[in-house]
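Let me begin by presenting the structure, written as structure tokens, before commenting on it.
The values are calculated or read from the model by the stated rules, or taken from the named source; none is laboratory data. Owing to the predicted nature of the structure, the values given are computational and were not obtained by experimental measurement. Backbone-built Cβ (ideal geometry, glycine too); neighbour counts: all protein chains shown.
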Amino acid sequence: KAGVTQTPRYLIKTRGQQVTLSCSPISGHRSVSWYQQTPGQGLQFLFEYFSETQRNKGNFPGRFSGRQFSNSRSEMNVSTLELGDSALYLCASSLKTSGSTYEQYFGPGTRLTVT
Amino acid sequence: SQQGEEDPQALSIQEGENATMNCSYKTSINNLQWYRQNSGRGLVHLILIRSNEREKHSGRLRVTLDTSKKSSSLLITASRAADTASYFCATDEDYGQNFVFGPGTRLSVLP
């Protein structure tokens with residue numbers, strides 16, 4: 001099976017712009033989660049989608065949004081970019097086994113640089 | 001909020017030695033997972049241990065979980081240069097669907 005893919009891999013944007021990142025989960029995985037990773041804050045959970053519905057959301061401002069399509073592919077959008085949004089954005093898909101006990105499979109990430 | 005907290009922050013050892021990393025967390029969990037991340041890349045799932053398990057093995061990896069102390073340890077035996085990476089523990093929170101990651105331990109294995 002193909003792994004989780006993320007596009008683009010690298011992105012440079014200017015403050016105030018918006019950006020859309022894409023994630024294609026492993027075939028058959030219906031849950032997609034997004035994380036932001038920065039040297040200062042580490043890995044922080046953004047949100048999780050399951051069957052096109054946002055099921056859980058982390059503590060990020062409303063500038064961060066996402067959606068999931070019927071084929072489980074997901075996009076996240078960041079509007080009005082700030083310098084602090086520079087980070088590695090990781091997407092993870094999972095196949096739930098039981099309750100909250102499941103493994104997440106991560107994509108390679110999108111490195112976003114805001115100048 | 002940071003649930004898992006790894007210790008030490010950085011560890012440097014010689015090839016062939018064992019590496020031990022620790023993780024502490026604050027609230028009750030259903031499971032704890034360990035991930036590896038090679039420089040600036042995605043995370044790779046290593047091992048999952050459930051709250052009713054005390055120890056788990058996978059190849060050269062050994063994970064222990066002590067729920068009374070809210071801590072876990074990851075032992076890598078006979079380390080190799082290829083084990084050089086950052087290691088993160090992650091816990092589930094409030095029976096929820098997201099995981100909370102610790103700040104990670106950066107392991108360097110010197111040849």
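Observations
- Counting only strands (runs of 3 or more DSSP E) that sit completely within segment A:13-115, those holding 3 or more residues that are farther than 30 Å from B:Gln9 by Cα correspond to A:19-24, A:53-57, A:64-68, A:74-78.
- Extreme residue, surrounded by the fewest Cβ atoms within 10 Å (Cβ to Cβ), among residues of segment A:75-87 that are more than 14 Å from chain B (Cβ to nearest Cβ) and over 15 Å from A:Gly16 (Cβ atoms): A:Glu75
- Enumerated strands (runs of 3 or more DSSP E) restricted to segment B:11-68, each holding at least 3 residues that are free of Cβ contacts under 8 Å to residues at least 12 places away in the same chain and at negative phi: B:55-58
- Taking segment A:48-67 as the range and being under 19 Å from A:Glu103 (Cβ atoms) and surrounded by 22 or more Cβ atoms within 10 Å (Cβ to Cβ) as the test, the residues that pass are A:Glu48, A:Tyr49.
- Within segment B:24-37, the set of residues being surrounded by 14 or more Cβ atoms within 10 Å (Cβ to Cβ) and within 13 Å of another protein chain (Cβ to nearest Cβ) comprises B:Ile29, B:Asn30, B:Asn31, B:Leu32, B:Gln33, B:Trp34, B:Tyr35, B:Arg36, B:Gln37.
- Of the residues contained in segment B:52-63, one or more are found to be under 14 Å from the mean Cα position of the chain (by Cα), of a type in the set (Val, Ile, Thr) and more than 27 Å from A:Asn59 (Cβ to Cβ).
- Per-region count, segment B:85-111, residues small (Gly, Ala, Ser), part of a strand (DSSP E or B) and at pLDDT below 90: 0
- Within segment A:34-50, the residues that satisfy the criterion of being within 19 Å of A:Gly107 (Cα to Cα) and of a type in the set (S, T, N, Q) are A:Gln36, A:Gln37, A:Thr38, A:Gln44.
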